[in-house]
Amino acid sequence: MTGDVPHDGEDGAGEAPSSPDLDESLRAINTARREAIGASRGTARALRRLVAADFALARGAAGRALAWIGAAVVFGASAWLLLTATLVALMQRGGLSWLQSLALATLLSVVAAAFAGWRASRYFEHVGMHATRRQLARMGLFHRNASDDDRDASPPGAAAATARPAGPAPGGA
């Protein structure tokens, strides 16, 4: 029996085992699909629980942080007032009148407040999320105002390259 394919009882060394039939393959694929879906659902449930617990923790921490920020503001303001009173007393002892001492302390406070306000306004420029708005506008999902166009203008070279038509000018040869 040379050239014949060996059967189950014969020695088949070196040849691939026979492949399972179609029904067995479909059952195995269906079982694997069910297991994968079950594992995905379990993972999604665990992730949902984790996110809910994380949000609850963040919510509680934010409330406590705001309470401590309030305490810090109160004690910081009272410390500033005491420092100002001390400076006024020292300036008055140094020979300045009460009016001059209070005016210098007020000037110091106004300069510090103006500087802090200027720095805060610089940070509020980032609140507009200008880069995200530009990307959404490019995707056609967000329409920008004229003020956004002025503030977020692209570099001059990029604007010139996109403004020129690709072909000849219309109506002229």
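Tabulated results
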item: In nm, spacing of pseudo-spin labels at residue 35 and residue 125 (7 Å Cα→C-beta vector); result: 5.8 nm
item: Fully extended contour minus Cα-Cα distance, from residue 92 to residue 61, at 0.36 nm per residue; result: 6.6 nm
item: Interchain or long-range residues, amide H under 5 Å from residue 96's placed H; result: none
item: Label-point gap, in nm, between residue 143 and residue 81 - each point 7 angstrom along Cα→Cβ; result: 5.2 nm
item: Note, ³J(HN,Hα) from phi for the range 27-36, Karplus 6.51, -1.76, 1.60, rounded to Hz, x at Gly and Pro; result: 5, 5, 5, 5, 5, 5, 5, 4, 5, 5
item: Added length on full extension, which subtracts the Cα-Cα distance from 0.36 nm per residue, residue 46 to residue 112; result: 18.8 nm
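None of the figures in this text is laboratory data; all of them are computed from the coordinates on show. On a predicted model such as this, the values are computed, not experimentally measured, just so you know. So basically every Cβ, Gly included, is an ideal-geometry build from the backbone, and we count neighbours across all protein chains shown.
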